[in-house]
Amino acid sequence: MIIAERKPIDEIVGMIQETKRVLVLGCRGCVTVCSAGGEREVEILASLLRLGMKKAGKKVEIIESTLVRQCDKEYIDGIDQWEGKYDAIVSMACGVGVNFIANLRPLDKVYPAVNTSFFGGSAEQGVWTEQCAGCGNCILHLTGGLCPVARCAKSLMNGPCGGSVGGRCEIHQDVDCIWQSIHDRLARTGKKADMDLIAPIRDWSSAGHGGPRKIVRDDLTV
Ligand code: SF4
Ligand code: SF4
């Protein structure tokens, strides 16, 4: 899922200083699962914004709501129900949701309430770690299912840099060297010879280095 976390409250209060009516909009997708922008977080943010604006000596009316998703036109259209009742939207969705609102509602002011961070998962309560960088050309079949693009600090494609100590990354000592983990996993699963494969120079255009990416599925388009 996409992992995000709420921005510092002062930053969000700063965005709405000149706004009198705010629609705080959550999303029931990834940001609900990672506790950054679901129904509960909308309620908390609305209270904090009321308090923050009061402290700044300003009046604000806040509408609280949560859409099924903010990355889908069908649900963004649901904002029509509040037409004329808000001056700006504070979106608690990931950056995709904020962009979708901006794309589809050219006259609306929209501000981000969260920092969208990475694609990851939760191995324990309250802790999320990055697992995939959405590179568009997955090579996990060659690396024991562990991603060197997202999980090596240098995104090395042909084995370790040689700087790890005790299996820990030289850049972040609280993180395993993923190339050590790849090696160990390949060895455990009888695929150690895969470590000798030389990855060709990578074409990073599939990773977004050639501009915004798009997928069109002919079997689904009408
Ligand atoms: S190789 Fe690319 S697609 Fe596969 S997990 Fe890593 S970043 Fe994601
Ligand atoms: S120590 Fe390992 S994970 Fe860290 S940068 Fe070097 S190869 Fe990558």
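Note on the chain: with charges restricted to the Cβ of Lys and Arg (+1) and Asp and Glu (-1), its dipole about the Cα centre is near 280 debye.
Normalised by the number of residues in the chain, the average gap of Cα pairs under 8 Å and 6 or more apart makes the relative contact order 17 percent.
Cross-link partners of LYS55 among lysines, defined as those whose alpha carbon lies under 24 angstrom from its own and excluding same-chain residues fewer than eight positions apart: LYS7, LYS20, LYS85, LYS109.
Counting only the backbone N, which residues of region 143-161 are under 14 Å from the spot 7 Å out from the Cα of ALA187 toward its beta-carbon? The answer is 160, whose backbone nitrogens lie closer than 14 Å to the label point. Under 14 Å from a label point set 7 Å out along the Cα-to-Cβ vector of ALA123, the amide N atoms of region 175-192 belong to 175-182, 185.
The chain has equivalent-ellipsoid semi-axes of 41, 21, 14 Å, by the square roots of 5 times the alpha carbon gyration tensor eigenvalues, sorted largest first.
Values quoted throughout were computed directly from the atomic coordinates according to the rules given, and no laboratory measurement underlies them. Treat the numbers as computed from the prediction; the structure is a model and nothing was measured. All Cβ positions, glycine included, derive from the backbone under ideal geometry; neighbour counts span all protein chains shown.
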